[in-house]
Amino acid sequence: MLMRIVVVLGLVLSALNAVAATLSVEAVVSPAWVERGTGSREPLTPGLALRSGDRVITGGGARALLRMSEGSAVKLGENATFGVDRLDEKNTGAGRAVSGALSVAQGAFRFTTRFFGNQRSRRDLDIRVATVTAGIRGTDLWGKGSAERDIVCLIEGKIEVEHRGEKFAMNEPLSFLIAPREGPRLPVAPVPEAQLKEWAAETEIAPASGASRRDGKHRIAVASNIDAAAAKEAASRLRSAGYPAAVRAYRSGEVLRYDVNISGLASAEDAAKMEGALRTAGLL
């Protein structure tokens, strides 16, 4: 059985003009990829729009911050697989209405409403994670799926939970449950402050962690003053490894030369961290 998170917030949906769903990438600590519904694969890059059928995959040490146009955020930890199964959005006279189905096949995630602003919205989203179903009314929720167990931690708000046919409420913020894949679930209990801090860190992008962001101004040069074939090979190798490399062409005398760069890094410290990660991975 899969985990279902239904979020409903704001005014009643009043019908009308369907628009393209908006879920985009705000920040990334690479390596990370998006697998398109068409079967293609590319590095996860800030500013990239995600569509129905896409899957986000994060590698070891990676993080991703995804932004919904109505102000919610989805945060992903390392070694996570997150699917955009279906996503629709409508503009109404009362604001935006977002509906759809998202899935977390593995790894840690956090869903937070109003993270990017408090717009008038109605949300009806399914987030599936293994054996637990939680129905939410505008809240802050952390969870994680693994081969051994599933965890749901309520940080703010109230949720209705279903696990293996049993329904119950979690009414107390800062509480959590653990549902082992084998055997009965454990009772809902208050989450210790130290445990919550540890879990939250799994989905947060720390300063100077090598992050690229939508408004990042820094970049690193992976290769400089090379020919077209060498630039194409270097960029392809980096992109396959989950790093958003780009090629820049320029004229040197009568000859075209090329640089391969990774841009959009959030700070000089992030650029230095990225450079170190590439060296460690043998990509620089």
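The values are calculated or read from the model by the stated rules, or taken from the named source; none is laboratory data. The shown structure was predicted, so the numbers you read here are calculated from the model rather than taken from an experiment. Virtual Cβ from ideal backbone geometry, glycine too; neighbours counted across all protein chains shown.
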Those residues of the stretch 38-75 which are at pLDDT below 95, surrounded by 18 or more Cβ atoms within 10 Å (Cβ to Cβ) and basic (Lys, Arg) amount to ARG67
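Please tell me if VAL260 is surrounded by fewer than 16 Cβ atoms within 10 Å (Cβ to Cβ), outside the structural domain of PHE176 (by TED's automatic domain parsing) and of a type in the set (Val, Ile, Thr). Spell out how you get there, then give the answer.
Details: surrounded by fewer than 16 Cβ atoms within 10 Å (Cβ to Cβ): no; outside the structural domain of PHE176 (by TED's automatic domain parsing): yes; of a type in the set (Val, Ile, Thr): yes.
Against the criterion (surrounded by fewer than 16 Cβ atoms within 10 Å (Cβ to Cβ), outside the structural domain of PHE176 (by TED's automatic domain parsing) and of a type in the set (Val, Ile, Thr)), VAL260 does not qualify.
Would you confirm, using the coordinates I've provided, whether GLU26 is farther than 26 Å from CYS153 by Cβ, among the charged types (D, E, K, R) and touching a Lys or Arg at 6+ places or on another chain (Cβ under 6 Å)? Working first, answer last.
Values: farther than 26 Å from CYS153 by Cβ: no; among the charged types (D, E, K, R): yes; touching a Lys or Arg at 6+ places or on another chain (Cβ under 6 Å): yes.
Considered against the rule, which asks whether it is farther than 26 Å from CYS153 by Cβ, among the charged types (D, E, K, R) and touching a Lys or Arg at 6+ places or on another chain (Cβ under 6 Å), GLU26 comes out as no.
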Working only within the stretch 97-143, note down all residues that are assigned to a strand (DSSP E or B) and at pLDDT below 70. SER121, THR133, ALA134, GLY135, ILE136
The stretch 171-211 - residue that is among the small types (Gly, Ala, Ser) and in contact with a strand residue (DSSP E or B) (Cβ under 7 Å, 6 or more places away or on another chain) and, of those, modelled with the lowest pLDDT: ALA179
Would you tally the residues in the stretch 177-214 being within 30 Å of GLY47 (Cα to Cα), among the hydrophobic types (A, V, I, L, M, F, W, C) and part of a loop (DSSP other than H, G, I, E, B)? 3
What's the total number of residues in the stretch 146-176 that are within 23 Å of ARG63 (Cβ to Cβ) and outside any loop (DSSP other than H, G, I, E, B)? 9
In the stretch 76-89, what count of residues is obtained for those that are surrounded by 23 or more Cβ atoms within 10 Å (Cβ to Cβ) and more than 11 Å from the chain's Cα centre (by Cα)? 0
Residue check, ARG248 against (1) in the same structural domain as SER267 (by TED's automatic domain parsing); (2) of a type in the set (D, E, K, R); (3) more than 26 Å from ILE262 (Cα to Cα), all met but one. Which one? (3)
